[in-house]
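Enquirer: I have a structure I would like to understand better, so I am pasting it below and will then ask my questions one at a time.
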Amino acid sequence: MAILRLRVPCCNSIRSCNVTAVYIRDVETMEVVRRIGAVRCYRLGYNPYVTVEFDPQRHIIYYFYVSNRGNPYIRFHHIPPNLTETEAREFVLKAHGLA
């Protein structure tokens with residue numbers, strides 16, 4: 001198992017939080033292993049970090065957000081070696097029902 005330190009997503013709006021989460025998903029089963037939800041960092045006064053443990057061969061780690069216009073934004077933190085970035089993007093869109 002590998003260890004990765006990630007910054008927790010922050011929402012800086014008082015009314016709504018558009019930021020979604022960081023997901024750790026199993027590539028073989030499409031199951032969510034862990035979801036790190038967004039927090040309101042302005043209330044905390046700092047940007048929190050979290051340490052996650054994952055299997056580098058099976059797990060994909062990514063930040064996912066869909067804008068108000070329906071555009072998906074994906075930022076990968078880890079892609080398994082058996083996937084290219086294009087395949088990983090298609091996998092994420094399919095997992096969230098957008099493909």
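The values are calculated or read from the model by the stated rules, or taken from the named source; none is laboratory data. Source: prediction; values computed, not measured. When we count neighbours, we look across all protein chains shown, and the Cβ atoms used for this are built from the backbone with ideal geometry, even at glycine.
Enquirer: State yes or no: is GLY37 under 15 Å from the mean Cα position of the chain (by Cα), more than 14 Å from PHE76 (Cα to Cα) and at pLDDT below 95?
Expert: Answer is yes for this residue.
Enquirer: Can you tell me which residues in segment 83-99 are in a loop (DSSP other than H, G, I, E, B) and exposed (fewer than 11 other Cβ atoms within 10 Å of the Cβ)?
Expert: Within segment 83-99, THR84, GLY97 meet the criteria.
Enquirer: Which numbered condition in (1) outside any loop (DSSP other than H, G, I, E, B); (2) of a type outside the set (Gly, Ala, Ser); (3) within 15 Å of LEU6 (Cβ to Cβ); (4) out of contact with any Leu (no Cβ under 7 Å at 6 or more places or on another chain) is the only one that TYR73 fails?
Expert: (3)
Enquirer: Right, something else. Just for segment 6-58: of the residues that are in a strand (DSSP E or B) and of a type in the set (Asp, Glu), which one is nearest to LEU93 (Cα to Cα)?
Expert: The selected residue is ASP26.
Enquirer: When the residues of segment 37-82 are filtered to those that are β-branched (Val, Ile, Thr) and free of Cβ contacts under 8 Å to residues at least 40 places away in the same chain, which remaining residue is surrounded by the most Cβ atoms within 10 Å (Cβ to Cβ)?
Expert: Once the filter is applied, the top-ranked residue is ILE60.
Enquirer: Restricting to segment 5-27, and then to whatever is over 26 Å from PHE54 (Cα atoms) and small (Gly, Ala, Ser), can you tell me which residue is modelled with the lowest pLDDT?
Expert: This residue is SER16.
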